[in-house]
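Structure record follows, encoded as structure tokens.
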Amino acid sequence: MGNVDINVFVTNLGKYNEGELVGKWLSLPFTDDELKKCFNEIGIDGQQYEEYFITDFESSLDHVWSISEYDNLNTINETVLDLEMLRDYQIDIVKAALECGFENNIKDAIKNVDNYNLDCNINSYEDYGLYILEECYSIPDAIKNYIDYKSFGEDYLNIAEFTSYGLITYN
């Protein structure tokens, strides 16, 4: 299944407001026991201190998914569990769909992952034009050098975007 690496630094809000930074790194996904242990270690006991916030995060998705300081840990954890159900190529599709703006949030990108195709070998209009002409048409070798593949790719490309992961198209 998919490989995602996400860690959040959970901080005790009450202690922070008192001028003390008390926090711990938590790897996602986590179990209920791991979350309870984290809360215990940073002094969130449900009585004197109840609130936390996220002061930092590390993520293999950080340029397309950012975690804010008041995001709910259980919601983030559910999202990571959903990501881990995907295959690696599907995670790349999620990242590409978010990067180019086809999707606005990670939950929708995960839900709609099967609506997209990602070709990691197509990184320019010229690559796309060459691909379409070779796959869809029979072009004699004698005229292949006279074709403007870049212009053809620009004209032929409809609902697609180039991303750092390759060309993403909507099915």
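Values quoted throughout were computed directly from the atomic coordinates according to the rules given, and no laboratory measurement underlies them. From a predicted model like this one, the values you see are computed outputs, not experimental measurements. Neighbour counts are summed over all protein chains in view; Cβ atoms, including those assigned to glycine, are modelled from backbone coordinates with ideal geometry.
Residues are listed down the side, and each one gets a yes or a no for (1) more than 24 Å from the chain's Cα centre (by Cα); (2) closer than 23 Å to LEU61 by Cβ; (3) surrounded by fewer than 17 Cβ atoms within 10 Å (Cβ to Cβ):
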position: ILE91; (1), (2), (3): no, yes, no
position: CYS100; (1), (2), (3): no, yes, no
position: ASN105; (1), (2), (3): no, yes, yes
position: LYS111; (1), (2), (3): no, yes, yes
position: SER124; (1), (2), (3): no, no, yes
position: GLU134; (1), (2), (3): yes, no, yes
position: TYR137; (1), (2), (3): yes, no, yes
position: THR163; (1), (2), (3): no, yes, no
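Of everything in region 87-102, what is within 11 Å of VAL4 (Cβ to Cβ) and free of Cβ contacts under 8 Å to residues at least 40 places away in the same chain? Give them in sequence order.
VAL94 - this is the single residue of region 87-102 that is within 11 Å of VAL4 (Cβ to Cβ) and free of Cβ contacts under 8 Å to residues at least 40 places away in the same chain.
Taking ILE54, is it among the hydrophobic types (A, V, I, L, M, F, W, C) and over 26 Å from TYR165 (Cβ atoms)?
yes
For region 59-78, give me the residue count where each residue is touching a residue at least 24 places away in the same chain (Cβ under 8 Å) and touching a Phe, Trp or Tyr at 6+ places or on another chain (Cβ under 8 Å).
Residues that pass the stated criteria total 4.
Can you tell me which residue among GLU69, GLU58, GLU51 is in contact with an Asp or Glu (Cβ under 8 Å, 6 or more places away or on another chain), exposed (fewer than 15 other Cβ atoms within 10 Å of the Cβ) and more than 26 Å from LEU157 (Cβ to Cβ)? So that I can check it myself, show each step before the final result.
Details: GLU69 fails: in contact with an Asp or Glu (Cβ under 8 Å, 6 or more places away or on another chain); GLU51 fails: in contact with an Asp or Glu (Cβ under 8 Å, 6 or more places away or on another chain).
After ruling out the rest, the residue left standing is GLU58.
Is it true that GLU84 is touching a Cys at 6+ places or on another chain (Cβ under 8 Å) and surrounded by fewer than 18 Cβ atoms within 10 Å (Cβ to Cβ)?
No; evaluated as a whole, the condition is false for this residue.
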